[in-house]
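Data first, discussion second: the structure below is written as C-alpha cells.
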Amino acid sequence: MEQATVLVLALREEGLSMGSGFFVAPGYVVTNAHVVGNAAKAVVINKAIGKPLAAVVRMVTHDNGQDFAVLGVDGASGIVPLKLAAGVSRTEHVSAWGFPGAVTNDDPKFAALLKGDEAAAPEVVYTEGVVSVILERTPPLIVHTATVSQGNSGGPLVNDKGDVVGINTFIKLDDASYRQSSLAIVSSSLSAFLHGAGVPITMAKASDAAGGKP
C-alpha cells in the first residue's frame with residue numbers, strides 16, 4: 001500500500017492543491033477530479049518513488065456524481081499497482097491510505113519538499129475502520145469509520161486483502177454532534193471509468209475479495 005499510494009500536488013489557477021492518489025496500472029495514477037481541478041499537469045511522490053515525478057492529466061470526469069482523474073506518470077518502474085475489488089460489504093474492515101493535511105502539514109519532510117528538497121517524501125498515513133453503510137446512489141457511496149481529512153481525497157480505501165473497494169472523496173461533519181462521516185466512491189464505478197479511459201487495470205478475483213466482517 002505504501003509503495004502504490006502517492007501524494008499528488010497540482011498547481012491550479014487558485015494555487016497549489018494537495019491530495020492523494022494510487023497506481024492502478026503501470027504508468028497510471030488515479031485521484032479525484034477535484035484534486036487536479038483545471039490543471040493539465042501535476043507531480044506525484046512517495047518514499048518508494050524517491051523523488052517528484054511529473055504527471056500529465058489524461059482524463060477527468062465530474063459526470064453523474066463521479067469525481068475521477070487519471071494521471072500518466074513515467075519513471076515509476078517497480079511500483080506494483082493496486083487491484084480493484086469487485087464489491088464491498090457492510091461491516092467489512094477497511095483502511096484508508098493517503099496524505100491527510102491534518103497530519104502531512106506537520107510532517108517535516110513535507111515542509112522540506114515544498115522548499116525544494118526533492119528527496120524529501122512525507123510519510124503515508126494509515127487509518128482503519130469499518131463500512132457503516134453503502135448508500136445506493138449514482139454512483140454508490142461507501143460510508144466508513146476510517147478517519148480521513150482534506151488531503152485524503154483520491155486515496156484508496158482497501159479491504160483486508162489490500163484490494164481497493166473505493167476511492168476516498170469527501171467527508172461530512174454533523175455540526176450538532178461533531179461526528180464525521182468519511183465517504184468513498186465504490187471501486188465498481190471507478191473501474192468502469194478506467195476501462196473507458198483505456199487503462200489496463202487488474203481486478204481482484206472474486207475468491208480473493210473480503211466479504212462481510214472478518
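The values are calculated or read from the model by the stated rules, or taken from the named source; none is laboratory data. Owing to the predicted nature of the structure, the values given are computational and were not obtained by experimental measurement. Cβ atoms come from the backbone with ideal geometry, glycine included; neighbour counts cover every protein chain shown. Each accessible area value is taken on the protein alone, full model and side chains, heavy atoms only, with ligands, DNA and RNA left out. Shrake-Rupley method; radii C 1.70, N 1.55, O 1.52, S 1.80 Å.
Considering only protein heavy atoms and a 1.4 Å probe, what is the carbon-and-sulfur percentage of the accessible area of the stretch 48-128? The partial results should precede the final answer.
Values: 2050 of 4030 Å².
The nonpolar share, carbon plus sulfur, comes to 51 percent.
How many times 2.2 N^0.38 Å is the alpha carbon radius of gyration of the chain? Walk me through the intermediate numbers first.
Details: Rg = 16.0 Å, N = 214, 2.2 N^0.38 = 16.9 Å.
Output field value: 0.94.
In debye, nearest 20: dipole of the stretch 107-208 around its Cα centre with unit charges on the Cβ of K, R (+) and D, E (-)?
200
Excluding same-chain pairs closer than 8 in sequence, count the lysine pairs in the chain whose Cα atoms lie under 30 Å apart.
Within the chain, the lysine pair count is 26.
Could you size up the charge dipole of the chain around its Cα centre, putting +1 on the beta carbon of Lys and Arg and -1 on that of Asp and Glu, and report it in debye to the nearest 20?
Around 280 debye, computed over the chain.
Using the beta-carbon distance between ALA111 and LEU135 and R0 = 41 Å, what value does 1/(1 + (r/R0)^6) give for FRET efficiency, to the nearest 0.05?
On the way: r = 38 Å, r/R0 = 0.92.
For R0 = 41 Å, the calculated efficiency reads 0.65.
With every protein chain kept in the model, how would you rank GLU123, GLU14 by accessible area, 1.4 Å probe, largest at the top?
GLU14, GLU123
How large is the charge dipole for the stretch 83-167, taken about the Cα centre, if only the Cβ atoms of Lys, Arg (+1) and Asp, Glu (-1) carry charge, to the nearest 20 debye?
In total the dipole reaches around 240 debye.
Rank VAL80, PRO140, VAL94 by how far each Cα sits towards the positive end of the charge dipole of the chain (+1 on Lys, Arg Cβ; -1 on Asp, Glu Cβ) and give me just the farthest.
About the Cα centre, the residue reaching furthest to the positive side is VAL80.
Are there chymotrypsin sites (Phe, Trp or Tyr not before Pro) in the stretch 145-205 that DSSP marks as loop and that have at most 13 other Cβ atoms within 10 Å, and which are they?
TYR178
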